[in-house]
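I have placed the structure first, in the form of structure tokens, so that the comments after it can refer back to it.
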Amino acid sequence: MSLLRVDQLTGGYNGHVVIDGCSMQVDPGEVVVIMGGSGSGKSTFLKHLIGLKPPMSGSVELNSEDLYSGSMNDRYRRLSHIGVAFQMGALVSSLSIFDNVALPLRETTDLPEDVIEVMVRLKLEFVELLDKQDLLPSELSGGMLKRAAVARALARDPKLVFMDEPSAGLDPVVASALDDLILKIKDALGVSVVVVTHELESAFKIASRIVVLDRGFIIFDGSVDAIRASDNPRIQALINRTAEPMAFDAEEHYRRIMGLPEG
């Protein structure tokens, strides 16, 4: 049974379509990387997948349940089975690292505090931050903040975790260590991971499958070997980091800078 199934998802903002007819799935034991150039729709797609934005049409299923059907409480219940590590960490600045990781347990469960303490310490130990549990987010390095966000995403023992640009802003050594942590999550905890990234080296290292978004459409869904062998010119432009040729119309350029009407 798939943990996540997306069927013909179309979505965007104020009637403007950003994601158009996208379908994919995530099965147990997978790391699925979602890639695409700037403006391809990755962030919008992720918002639909984690319950932040209902689609215009199509469906998102978590554990075979339609995420957006029923009441808001139904949606919250379904979302309790996933974890999310946001790009900038999104930690509460006034809380210690321990209390940040404990927050989802305290807010959404009736677990006694002694059980919460054990669960939090286990997650902090897993991401190698147990000795930093009393620090504030402002006292951590960028890599430590990312790992603290991962610990919080794992707090409720989800079977599926989403990570938004986990390597963004990190130096290559720290980014590689975070890639190793993602693989550790899959292998040691049996948790499936969806990673949204533009980092090619990271994607090729961690992915079980790669999904490529281009101008709102999914144009590829397959293995690392398959994407390397793809003859799609837009795929090759992405993985070889070649710029798309830009057409230049001198008359149109002059009209725009002079504020002249069309025609």
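Conditions (1) part of a loop (DSSP other than H, G, I, E, B); (2) without any contact (Cβ under 8 Å) to a residue 24 or more places away in the chain, marked per residue:
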| residue | (1), (2) |
| --- | --- |
| Gly169 | yes, no |
| Val173 | no, yes |
| Ala177 | no, no |
| Leu183 | no, no |
| Val193 | no, no |
| Ser202 | no, no |
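Give Val60, Val32, Val101 a once-over and let me know the one that is on the phi < 0 side of the Ramachandran plot, in contact with a Leu (Cβ under 6 Å, 6 or more places away or on another chain), in contact (Cβ under 8 Å) with a residue 40 or more places away in the chain and β-branched (Val, Ile, Thr).
Exactly one residue qualifies, and that residue is Val60.
Since Arg147 meets every condition but one in (1) assigned to a helix (DSSP H, G or I); (2) buried (at least 21 other Cβ atoms within 10 Å of the Cβ); (3) touching a Gly at 6+ places or on another chain (Cβ under 7 Å), which condition does it not meet?
Unmet for Arg147, out of (1) assigned to a helix (DSSP H, G or I); (2) buried (at least 21 other Cβ atoms within 10 Å of the Cβ); (3) touching a Gly at 6+ places or on another chain (Cβ under 7 Å): (3).
From (1) of a type in the set (Gly, Ala, Ser); (2) within 17 Å of the chain's Cα centre (by Cα); (3) under 17 Å from Ala90 (Cβ atoms), pick out the condition that doesn't hold for Gly142.
(2)
Name the single residue, out of those in the stretch 64-110 being charged (D, E, K, R) and within 19 Å of Val120 (Cβ to Cβ), that is surrounded by the most Cβ atoms within 10 Å (Cβ to Cβ).
Only one residue fits best here, namely Asp99.
Which residue is surrounded by the fewest Cβ atoms within 10 Å (Cβ to Cβ), if the candidates are limited to the stretch 224-253 and must be in contact with a strand residue (DSSP E or B) (Cβ under 6 Å, 6 or more places away or on another chain) and either at pLDDT 90 or above or among the hydrophobic types (A, V, I, L, M, F, W, C) (or both)?
Out of the qualifying residues, it is Ile235.
Does the stretch 33-42 hold any residues that are modelled with pLDDT of 90 or more and surrounded by fewer than 24 Cβ atoms within 10 Å (Cβ to Cβ), and which are they?
Lys42, the sole residue that qualifies.
Kindly evaluate Asp214 against the criterion of being modelled with pLDDT under 95, under 15 Å from the mean Cα position of the chain (by Cα) and outside the structural domain of Arg152 (by TED's automatic domain parsing). Full working, then the answer.
On the way: modelled with pLDDT under 95: yes; under 15 Å from the mean Cα position of the chain (by Cα): no; outside the structural domain of Arg152 (by TED's automatic domain parsing): yes.
The answer is no for Asp214.
Pairs under 7 Å by beta carbon, first residue within 15 Å of Val26 (Cα to Cα) in the stretch 204-223, partner charged (D, E, K, R) and assigned to a loop (DSSP other than H, G, I, E, B), six or more apart or different chains?
The qualifying pairs are Ser208/Glu30; Arg209/Glu30.
I need the full set of residues from the stretch 7-51 which are outside any helix (DSSP H, G or I), of a type in the set (A, V, I, L, M, F, W, C) and under 13 Å from Phe217 (Cα atoms), in order please.
Hits for the stretch 7-51 are Leu9, Val17, Val18, Ile19, Cys22, Met24, Ile34, Met35.
I want to confirm something. Restricting to the stretch 44-63 and keeping residues that are of a type in the set (S, T, N, Q) and surrounded by fewer than 18 Cβ atoms within 10 Å (Cβ to Cβ), which single residue is modelled with the lowest pLDDT?
So the first thing to find is which residues in the stretch 44-63 are of a type in the set (S, T, N, Q), and the list is 44, 57, 59, 63.
If we keep only those that are surrounded by fewer than 18 Cβ atoms within 10 Å (Cβ to Cβ) too, we end up with 57, 59, 63.
Values: Ser57: 95, Ser59: 95, Asn63: 92.
Ranking the qualifying residues of the stretch 44-63, first place goes to Asn63.
The values are calculated or read from the model by the stated rules, or taken from the named source; none is laboratory data. Remember, it's a predicted structure, so these values are computed and weren't measured experimentally. Cβ: placed from backbone, ideal geometry, glycine included. Neighbour counts: every protein chain shown.
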